[in-house]
Amino acid sequence: MAGPDLIKTLLYTVNNLLQQEKYKAALAVLKGFRNGAVYGAKIRAPHALVMTFLFRSGSLKDKLKAILKATYTHSRNLACFVFTYKGLQGLQERCQGKRLQSHSFLAACVGGWLVFGDNNNINSQINMYLLSRILFALSRLAVEKGLVPQPKRDPFPLFATLVWGIVLWLFEFYPHTLQPSLQSSMNYLYHDSNVWHDITDFLVYNKPRTAA
């Protein structure tokens, strides 16, 4: 009976600790680390699985290792960023006695430099993903604040026109400027579809099956 009683006591102690207001800021940082790790793994694992098996050559073992490495890197980086951001934000608020907008910006700048400043494929994808969202958000904020007049017509068709025109122009004539994953996707869609030998690599496979 000592085992179950010990577990109950431990759980009671931990749950009581979690309810303490004085530890809330520190505990929020720890949970942020946990949520960053979980979320990073959830969104990277399926993406890495699909992209690896679609476009990466090599043995099954090599592919699985690549998937695990990408998932671990994304999960770790996001966890470390959330930990850093929430920690620095809380520290600034504690020092100044109130929460300011600058706290969020400065904390995120430091976290971005420390965690996402390393130029690798994972960080590049994350930073570019955020950049597109930032541009949308800043455009909306500019209209909301009156810095830019409210468009009379929906600007989205023009936006789509320019995005697709520019990206395909870059892909056809300056492909080296695009990210490798985007190059692979576009090669599959626009260049591989120009080549076939018979019905097998026209409908069934993308490229001819090599002899074993």
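The values are calculated or read from the model by the stated rules, or taken from the named source; none is laboratory data. As the structure is a computational prediction, the values presented were derived from the model and not from experiment. Methodologically, a virtual Cβ is constructed for each residue, glycine included, from the backbone with ideal geometry; neighbour enumeration extends over all protein chains shown. These area figures cover heavy atoms from the full protein model, side chains too; ligands, DNA and RNA do not enter into them. Shrake-Rupley method; radii C 1.70, N 1.55, O 1.52, S 1.80 Å.
For region 42-52, residues that are open to solvent by 60 Å² or more (accessible area, probe 1.4 Å), of a type in the set (A, V, I, L, M, F, W, C) and within 16 Å of L78 (Cβ to Cβ) total 1. Output yes when any residue across region 152-164 is open to solvent by less than 60 Å² (accessible area, probe 1.4 Å) and assigned to a loop (DSSP other than H, G, I, E, B), and no when none is. Scanning region 152-164 turns up no residue that is open to solvent by less than 60 Å² (accessible area, probe 1.4 Å) and assigned to a loop (DSSP other than H, G, I, E, B).
When K98 is tested against (1) out of contact with any helix residue (DSSP H, G or I) (no Cβ under 8 Å at 6 or more places or on another chain); (2) at pLDDT 90 or above; (3) assigned to a helix (DSSP H, G or I), only condition (3) is not met. The condition of being assigned to a helix (DSSP H, G or I), within 17 Å of V115 (Cα to Cα), in contact with a helix residue (DSSP H, G or I) (Cβ under 9 Å, 6 or more places away or on another chain) and touching a residue at least 24 places away in the same chain (Cβ under 8 Å) does not hold for A25. Filtered by the rule that a residue be free of Cβ contacts under 8 Å to residues at least 60 places away in the same chain and either outside any helix (DSSP H, G or I) or farther than 12 Å from F81 by Cα (or both), region 113-122 gives F116, G117, D118, N119, N120. Each residue in region 80-102 was checked for being within 19 Å of F33 (Cβ to Cβ) and of a type outside the set (K, R), and 13 pass. Which of the residues spanning region 101-116 are open to solvent by 50 Å² or more (accessible area, probe 1.4 Å) and either at pLDDT 95 or above or among the small types (G, A, S) (or both)? S102, F105, L106, C109, V110, W113, L114 - these are the residues of region 101-116 that are open to solvent by 50 Å² or more (accessible area, probe 1.4 Å) and either at pLDDT 95 or above or among the small types (G, A, S) (or both). Please determine whether any residue of region 26-41 is at pLDDT below 90 and open to solvent by 80 Å² or more (accessible area, probe 1.4 Å). No, there is no match, as no residue in region 26-41 is at pLDDT below 90 and open to solvent by 80 Å² or more (accessible area, probe 1.4 Å).
Only one of the listed residues (L170, L178) is without any contact (Cβ under 8 Å) to a residue 24 or more places away in the chain, surrounded by 11 or more Cβ atoms within 10 Å (Cβ to Cβ), in contact with a Ser or Thr (Cβ under 8 Å, 6 or more places away or on another chain) and under 27 Å from A48 (Cα atoms). That residue is L170.
I'd like to check something: does region 78-89 contain any residue that is among the hydrophobic types (A, V, I, L, M, F, W, C), at pLDDT 95 or above, farther than 24 Å from Q179 by Cα and open to solvent by 60 Å² or more (accessible area, probe 1.4 Å)? Yes: region 78-89 contains one or more residues that are among the hydrophobic types (A, V, I, L, M, F, W, C), at pLDDT 95 or above, farther than 24 Å from Q179 by Cα and open to solvent by 60 Å² or more (accessible area, probe 1.4 Å).
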